[in-house]
Amino acid sequence: MLLSVVIPSMNKVDLLARTLAALQEQDPGREGPWEVVVVNDGSTDGTADFLAGQQGWTVPELQVVSPPQNVGRARARNLGAQAARGRFLLFLDDDIIAPPGLVAAHLDVLENHPNCGTIGYAVTDPALVDGPHLRYLDTRGAARLGSGPAPGRFFVTQNAAVPREVFLGIGGFDEGFSAYGFEDMEVAFRLEEKGGLGFRALPRPVPRHVHHHTSAEYFAKKVECGRHSLPHLAQLHPGRIREMQLHHVVDTEPGVPCDRLSRVIRWVASTSLGRDLPRLLEHWPSLPGYQPLLPWAYFRLMNLAVLCAFRQGLTETDRD
């Protein structure tokens, strides 16, 4: 089998139904079977009954993995990868709507560039855009890449693919990432360093992300990352922290003083301004379509607010 699409899902049955419907319309452009592997990660919203009603797919084939309890994002994807039969693994989230040609585009890159993975991205469904923070999100990470080689730090499992043998050979996702964030970048670092894998960006076609996040929800996730996932990442890959610009908020070399900019950012994070910045940015003036005025200033302040949120999560952990 050429390809397995691996999708972990928890309590998003309506969005999962849309994701699977879009995949049934995909034409990989190659002969032979391919499959979708859904990991039902402890859902309690009817996901199991919905998936039971989907059995019998032929193109693509459908395989359902159901751990006995919620296991978290990293382990759920590992279980899906272990059950998969494809030569390549395409990781998608359960709220990503694949446009026509997405599967074929990943396969074109994977087959024409041996020992490479692909890094795609997604944009917010226009119907869901109700604030400038969503315009900010649509310009982050892999959205800044053109076609061609890409650093592993841009690897995000909402839309990315790797050779299955290499992925399993480096042990898959680190299941020490039990909370939100950074498990995808961490596995990409090991794919580069231990698996000898390179990455190439896939700028087209672009899927739609159909799960709305308020600004408050987005920053709460960043605090959660700082509290749980960022310390684990820094412990595993201290040499990568500066590459990700995270040295501004977390130390990896005990006894080595941080630079001036890092000290300023950490100070801001500890003040009421740092804590209130996400709320203040919610009221940033915008043009029609929620395009922020002075986008360069807005994006820089959003970057600062993200670093402050990471730092706030970290310092909560330190106090504990």
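The values are calculated or read from the model by the stated rules, or taken from the named source; none is laboratory data. Quick caveat: nothing in here was measured; it's all calculated off a predicted structure. Here the Cβ positions follow ideal geometry from the backbone for every residue, glycine too, while neighbour counts run over all protein chains shown.
Comparison of Met10, Met1 shows that the only residue that is touching a residue at least 12 places away in the same chain (Cβ under 8 Å) and surrounded by fewer than 18 Cβ atoms within 10 Å (Cβ to Cβ) is Met1. Out of Phe177, Phe199, Phe189, Phe219, one residue alone is buried (at least 20 other Cβ atoms within 10 Å of the Cβ), part of a loop (DSSP other than H, G, I, E, B) and touching a residue at least 12 places away in the same chain (Cβ under 8 Å). It is Phe177. Consider the stretch 132-161 and keep the residues that are among the small types (Gly, Ala, Ser), in a loop (DSSP other than H, G, I, E, B) and modelled with pLDDT under 95. The one that is surrounded by the fewest Cβ atoms within 10 Å (Cβ to Cβ) is Gly146. Looking at the stretch 49-60, is at least one residue in the same structural domain as Asp125 (by TED's automatic domain parsing), of a type outside the set (Val, Ile, Thr) and within 26 Å of Leu202 (Cα to Cα)? Looking through the stretch 49-60, at least one residue is in the same structural domain as Asp125 (by TED's automatic domain parsing), of a type outside the set (Val, Ile, Thr) and within 26 Å of Leu202 (Cα to Cα).
When you check Asp14 against the structure, is it among the acidic types (Asp, Glu) and in a loop (DSSP other than H, G, I, E, B), yes or no? Spelling it out, it is not the case that Asp14 is among the acidic types (Asp, Glu) and in a loop (DSSP other than H, G, I, E, B). Screening Glu243 on (1) closer than 22 Å to Phe177 by Cα; (2) free of Cβ contacts under 8 Å to residues at least 60 places away in the same chain; (3) of a type in the set (D, E, K, R) shows it passes everything except condition (2). Here is a check on your reading of the model: is Val37 of a type in the set (Val, Ile, Thr), in contact with a Leu (Cβ under 9 Å, 6 or more places away or on another chain) and either on the phi < 0 side of the Ramachandran plot or crowded, with 22+ Cβ neighbours inside 10 Å (or both)? Answer is yes for this residue. Sub-7 Å Cβ pairs linking a first residue in the stretch 120-138 that is under 23 Å from Phe154 (Cβ atoms) and without any contact (Cβ under 8 Å) to a residue 24 or more places away in the chain to a second residue that is crowded, with 20+ Cβ neighbours inside 10 Å and of a type in the set (D, E, K, R), at least 6 apart or interchain, number zero. Number of residues in the stretch 182-219 that are farther than 23 Å from Leu168 by Cβ, more than 16 Å from the chain's Cα centre (by Cα) and not charged (D, E, K, R): the value is 4. Total residues in the stretch 162-174 satisfying the condition of being in a loop (DSSP other than H, G, I, E, B) and in contact (Cβ under 8 Å) with a residue 60 or more places away in the chain: the figure is 3. Among the residues making up the stretch 301-320, those that are modelled with pLDDT of 95 or more and more than 21 Å from the chain's Cα centre (by Cα) are Leu301, Gln312.
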